[in-house]
Amino acid sequence: MSRHFRSRNSLLSTAFILLLLTFTVTLPPMGQSVDADVQEFLTAWDAAGNAHAADGILRLHAEDCVAVNRFGTSLVGKQATAGQMERLPKEIFKDAHLPPLQLLNLRSVTPDLVILQASCQNPSLHPLPAPQVSGMIVSILRRRNGSGSLAEEREV
């Protein structure tokens, strides 16, 4: 990996963390619905995941997205993410039917740039007697683009 990509990734990760620490939580008041396009984005993510459809998940990523998996591996660009997204449904998630993502935090950075954090349940990667499902949090920096939105950066 070139120095340019490592520097860019470090800068993006630092900026993402600073954004998470700087902006206040803007969850809707109790009883009100979540912004429609945020819910549409989460629903599309859930549907693609439970359909084991790598192409469905990839359609939700920007071309130059940055993805960091739960092991700290950083993937820069949709093409780099594609390999992992094609492998996971065939191996780790092959029998998984996961409950919907549950929105925890929603933070508007700009009208078109939103950070969301959601809880999720994933198959455990630990051998028995460990629980077979592990609770996790996914963070997604998403940008609205005309009729929908795309993940610019995500961390699972």
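Data for the structure
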| item | result |
| --- | --- |
| Residues with amide H under 5 Å from that of Val133, placed H, sequence gap 5 or more | Ser124 |
| Rounded to 5, the percent of DSSP beta bridges in the range 36-155 classed as antiparallel | 90 |
| Overall dimensions of the range 36-155 as given by Cα atoms, namely Rg and Dmax in Å | 14.0, 47 |
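All of the numbers you see were taken from the coordinates with simple rules; none came from a lab. Since the structure is predicted, the reported quantities are computational estimates derived from the model, not experimental observations.
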